[in-house]
Amino acid sequence: KIGLNLASSLIVNSYEFKKEISKHFNVNSHVIYNPLNKKEILKESKKKPRFKYKKNTIKILNVGRLVDQKDHLTLLKSINEIKDKIKVELLIIGRGKNKFNYIHYINSNNLGKIVKIIYTNNPFPYMKQSDLFILTSKFEGLPNVLLEALTFDNFIISSNCHTGPKEILDNNKGGILFETGNHVELSKKILVYNKDKLKMRKKLIYAKKRLSRFEYYKNLNKYLKIVEKHS
């Protein structure tokens, strides 16, 4: 609290984060969203991927470090729940200390044909292929990966974690939220997505329109104004 009060300005990246920091530290802050550079990520998406999804499956993607915060185990458990109900394929892009634990779970539950884990510093060619992006994090700031996935028309299912996903998806208007850590609920949400594609398309269109909040130069200019104010 002492350190935060010494700052000329405090900047946070979501209104939900602003409420949290005010509640815990009683300090005021400015909200500036993470700038979304669509031009750059669209350029990067043109590079050739080394993995391609199979045809006639729901193509699911997750991008994130393989650590406890990202909670990939909830995602893997949900895929295990639905593997005999609908045709899905999951690609996880990331690296981290939990990789071998996840590989063990995949092998133990015979998921090897429908779940793959790879690492690349350019996930955008894979977003370009995907239908559905699932975030299972226990906590976030404002997850850029959801903004990037929406740029490529990925429908979003996300944990309702603090902070960011609820704000990006406008509390379920632009996607689907599920209780953090609840793999049974997540599996049901995936089945809902598969069953009512028209309704999901409307949600996706809404979320795409709302991406204007994160426009690159709009948010960079907000940073510039604060810097100029204190310079």
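Name the single residue that is nearest to the chain's Cα centre (by Cα) among those in the stretch 113-135 being of a type in the set (D, E, K, R) and farther than 15 Å from Arg50 by Cα. Full working, then the answer.
From the stretch 113-135, those of a type in the set (D, E, K, R) are 113, 116, 128, 131; that's our starting set.
From what's left, farther than 15 Å from Arg50 by Cα: 113, 131.
Working: Lys113: 24, Asp131: 13 Å.
Checking each candidate, the answer is Asp131.
As an exercise: evaluate Leu66 against (1) farther than 19 Å from Asn182 by Cβ; (2) in contact (Cβ under 8 Å) with a residue 12 or more places away in the chain; (3) out of contact with any strand residue (DSSP E or B) (no Cβ under 9 Å at 6 or more places or on another chain) and give the number of the one condition it does not meet.
(3)
What are the pairs with Cβ atoms under 8 angstrom where one residue, in the stretch 104-124, is over 18 Å from Gly94 (Cβ atoms) and the other, located anywhere, is buried (at least 18 other Cβ atoms within 10 Å of the Cβ)? Sequence gap at least six, or different chains.
Pairs that qualify, where the first residue is over 18 Å from Gly94 (Cβ atoms) and the partner is buried (at least 18 other Cβ atoms within 10 Å of the Cβ), are Asn109/Leu76; Asn109/Asn80.
I'd like the residue in the stretch 158-182 that is within 17 Å of Val192 (Cβ to Cβ) and of a type in the set (S, T, N, Q) and, out of all such residues, is nearest to the chain's Cα centre (by Cα).
The residue in question is Ser158.
Look at Lys197 and say whether it is surrounded by fewer than 17 Cβ atoms within 10 Å (Cβ to Cβ), modelled with pLDDT under 95, over 19 Å from the mean Cα position of the chain (by Cα) and farther than 25 Å from Val31 by Cα. Don't jump to the end; show me each part of the working.
Working: surrounded by fewer than 17 Cβ atoms within 10 Å (Cβ to Cβ): yes; modelled with pLDDT under 95: yes; over 19 Å from the mean Cα position of the chain (by Cα): yes; farther than 25 Å from Val31 by Cα: yes.
It is true that Lys197 is surrounded by fewer than 17 Cβ atoms within 10 Å (Cβ to Cβ), modelled with pLDDT under 95, over 19 Å from the mean Cα position of the chain (by Cα) and farther than 25 Å from Val31 by Cα.
Being open to solvent by less than 60 Å² (accessible area, probe 1.4 Å) and free of Cβ contacts under 8 Å to residues at least 60 places away in the same chain is the filter; apply it to the stretch 153-167 and report the residue that is nearest to Ile32 (Cα to Cα).
Initial filter on the stretch 153-167 (open to solvent by less than 60 Å² (accessible area, probe 1.4 Å)): 154-159, 161, 163-165, 167.
Those still in the list that are free of Cβ contacts under 8 Å to residues at least 60 places away in the same chain too: 155-158, 161, 165.
On the way: Phe155: 24, Ile156: 22, Ile157: 24, Ser158: 22, Cys161: 20, Pro165: 16 Å.
Residue satisfying both the conditions and the ranking: Pro165.
Need a quick list: strands (runs of 3 or more DSSP E) entirely within the stretch 9-123 having at least 1 residues that are basic (Lys, Arg).
Details: elements: 58-63, 88-93, 115-118.
Passing ranges, in order: 58-63, 115-118.
Is one or more of the residues making up the stretch 130-138 at pLDDT below 95, at negative phi and surrounded by fewer than 18 Cβ atoms within 10 Å (Cβ to Cβ)? Working first, answer last.
The initial filter retains those residues of the stretch 130-138 that are at pLDDT below 95, namely none.
Looking through the stretch 130-138, none of the residues is at pLDDT below 95, at negative phi and surrounded by fewer than 18 Cβ atoms within 10 Å (Cβ to Cβ).
Output the residues belonging to the stretch 44-90 that are closer than 16 Å to Ile103 by Cα, touching a Phe, Trp or Tyr at 6+ places or on another chain (Cβ under 6 Å) and of a type in the set (A, V, I, L, M, F, W, C).
Result: Leu76, single match.
Would you mind finding the one in Leu177, Leu150, Leu191 that is within 23 Å of Ile79 (Cα to Cα), touching a residue at least 60 places away in the same chain (Cβ under 8 Å) and crowded, with 18+ Cβ neighbours inside 10 Å? So that I can check it myself, show each step before the final result.
Details: Leu177 fails: touching a residue at least 60 places away in the same chain (Cβ under 8 Å); Leu191 fails: crowded, with 18+ Cβ neighbours inside 10 Å.
Checking each option against the conditions leaves just Leu150.
Looking only at the stretch 1-22, which residues are touching a residue at least 60 places away in the same chain (Cβ under 8 Å) and open to solvent by 40 Å² or more (accessible area, probe 1.4 Å)?
Those that are touching a residue at least 60 places away in the same chain (Cβ under 8 Å) and open to solvent by 40 Å² or more (accessible area, probe 1.4 Å): Ser8, Ile11, Tyr15, Phe17, Glu20.
The values are calculated or read from the model by the stated rules, or taken from the named source; none is laboratory data. This one's a predicted model, so the numbers in the text were calculated from it and none came from an experiment. Positions of Cβ are backbone-derived with ideal geometry, glycine not excepted, and every protein chain shown enters the neighbour counts. Surface areas here come from the heavy atoms of the whole protein model, side chains and all, with no ligands, DNA or RNA. Shrake-Rupley method; radii C 1.70, N 1.55, O 1.52, S 1.80 Å.
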